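Remarks on the structure that follows.
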Amino acid sequence: MPSASESPYAIRATDIHLTYRTTMDVNPTLKTSVSRIFGGRREVRTIEALKGVSIDVPRGGVLGVIGHNGAGKSTLLRVLAGILPPTSGKVEVYGEISTLLSLGLGFNRNLSGRENVMLGGLAAGLTRPEIRERFDEIVAFSGLEEFIDFPVRAYSSGMTGRLAFSVSVHMDPDILLVDEALSAGDASFKKKATMKMRELCDKAGSIVLVSHALQSVRELSTECILLDHGNLVAAGEPRPVIKEYQRRINVGEEASTTEDL
């Protein structure tokens with residue numbers, strides 16, 4: 001396998017299938033819910049979350065991933081990150097990955113923002129001196145200077161998201177996997193976040209962006225894919241792929257739909 005610097009790709013995923021099994025009550029009622037406690041009958045269902053998805057993410061490119069809730073977008077990101085092993089298929093990654101899959105998911109809410117920045121940097125493989133060197137820039141970007149020594153449990157969801165995003169993008173990753181991070185913060189922070197992601201791409205970093213904010217996907221992405229019930233149903237330049245998604249869910253291009261679908 002070529003090194004990150006030698007490969008024209010950041011990620012290549014070929015024929016990815018992900019199947020899992022779950023149990024559920026047969027014709028669930030209050031009676032069956034009670035009987036389940038005493039060994040009542042449950043049915044095993046097989047869920048095909050991804051069905052033969054293949055993608056190539058070039059170095060310096062931004063791949064937008066769109067689709068309805070439950071289409072397989074976040075599942076695909078977790079497979080690319082190595083969190084979920086595919087049932088079949090092959091994933092090749094050329095470079096270091098930083099993941100922003102659920103804003104603040106890795107934070108310890110009982111620790112301060114300062115302590116969580118340190119933990120996030122260590123988890124990304126940085127040394128303590130390297131984290132201290134970037135600390136002021138991370139906090140300034142998040143805009144949380146006066147709150148950085150408060151426990152994260154005292155933060156709003158927007159504050160948590162801003163700090164999580166700031167930590168992730170200041171780790172200098174080769175590849176950034178982002179799941180709905182652009183929904184964090186106000187309009188001013190979203191503008192900063194967009195500029196930071198473009199800066200990452202200018203350094204030949206690569207981004208896979210899952211988002212319902214179609215306008216952001218259109219502006220940021222160099223390519224786009226559309227997932228539908230685990231199938232890759234459209235791929236190419238962002239504008240026609242987004243139009244196909246809007247056609248499938250029967251909505252137009254007014255502002256209210258392009259930012260939150």
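The values are calculated or read from the model by the stated rules, or taken from the named source; none is laboratory data. Keep in mind the model is a prediction, meaning the values are calculated, not measured. So basically every Cβ, Gly included, is an ideal-geometry build from the backbone, and we count neighbours across all protein chains shown.
Given the conditions (1) farther than 30 Å from residue 250 by Cα; (2) modelled with pLDDT under 85, which single one is not true for residue 113?
With (1) farther than 30 Å from residue 250 by Cα; (2) modelled with pLDDT under 85 applied to residue 113, the lone miss is (2).
Go through the residues of segment 149-165 one by one and say whether even a single one is of a type outside the set (A, V, I, L, M), under 27 Å from residue 12 (Cα atoms), in contact (Cβ under 8 Å) with a residue 40 or more places away in the chain and assigned to a helix (DSSP H, G or I).
Of all residues in segment 149-165, those of a type outside the set (A, V, I, L, M) come to 149-151, 153, 155-158, 160-162, 165.
With under 27 Å from residue 12 (Cα atoms) added as a condition, the list becomes 165.
Now restrict to residues that are in contact (Cβ under 8 Å) with a residue 40 or more places away in the chain: 165.
Narrowing further to those that are assigned to a helix (DSSP H, G or I): 165.
Yes; the residues of segment 149-165 include at least one that is of a type outside the set (A, V, I, L, M), under 27 Å from residue 12 (Cα atoms), in contact (Cβ under 8 Å) with a residue 40 or more places away in the chain and assigned to a helix (DSSP H, G or I).
Which of the residues that make up segment 63-94 are hydrophobic (A, V, I, L, M, F, W, C), touching a helix residue (DSSP H, G or I) at 6+ places or on another chain (Cβ under 9 Å) and either without any contact (Cβ under 8 Å) to a residue 12 or more places away in the chain or within 24 Å of residue 249 (Cα to Cα) (or both)?
If the condition is that a residue be hydrophobic (A, V, I, L, M, F, W, C), touching a helix residue (DSSP H, G or I) at 6+ places or on another chain (Cβ under 9 Å) and either without any contact (Cβ under 8 Å) to a residue 12 or more places away in the chain or within 24 Å of residue 249 (Cα to Cα) (or both), then 65, 66 are the ones that fit.
Of the residues in segment 112-166, how many are of a type in the set (S, T, N, Q) and closer than 24 Å to residue 97 by Cβ? Please lay out each step first, then the result.
Looking only at segment 112-166, we keep the residues that are of a type in the set (S, T, N, Q), and these are 112, 116, 127, 142, 156-157, 160, 166.
Filter once more, so that each one left must be closer than 24 Å to residue 97 by Cβ: 116, 127, 142, 160, 166.
Residues flagged as of a type in the set (S, T, N, Q) and closer than 24 Å to residue 97 by Cβ within segment 112-166 amount to 5.
May I ask you to say which residue of 93, 117 is within 30 Å of residue 66 (Cβ to Cβ), among the hydrophobic types (A, V, I, L, M, F, W, C) and out of contact with any Cys (no Cβ under 6 Å at 6 or more places or on another chain)? Spell out how you get there, then give the answer.
Details: 117 fails: within 30 Å of residue 66 (Cβ to Cβ).
That would be 93, the only listed residue that is within 30 Å of residue 66 (Cβ to Cβ), among the hydrophobic types (A, V, I, L, M, F, W, C) and out of contact with any Cys (no Cβ under 6 Å at 6 or more places or on another chain).
Out of (1) surrounded by fewer than 17 Cβ atoms within 10 Å (Cβ to Cβ); (2) closer than 23 Å to residue 199 by Cα, what's the single condition that is false for residue 154?
Looking at each condition in turn, residue 154 falls short on (2).
Any residue at all in segment 27-48 that's among the aromatic types (Phe, Trp, Tyr) and at pLDDT 80 or above?
Within segment 27-48, the first condition is being among the aromatic types (Phe, Trp, Tyr), and the residues that meet it are 38.
Still in the list and also at pLDDT 80 or above: none.
No.
What residue, among those in segment 218-261 that are closer than 19 Å to residue 11 by Cα and at pLDDT below 95, is surrounded by the fewest Cβ atoms within 10 Å (Cβ to Cβ)?
Applying the filter and picking the extreme gives 222.
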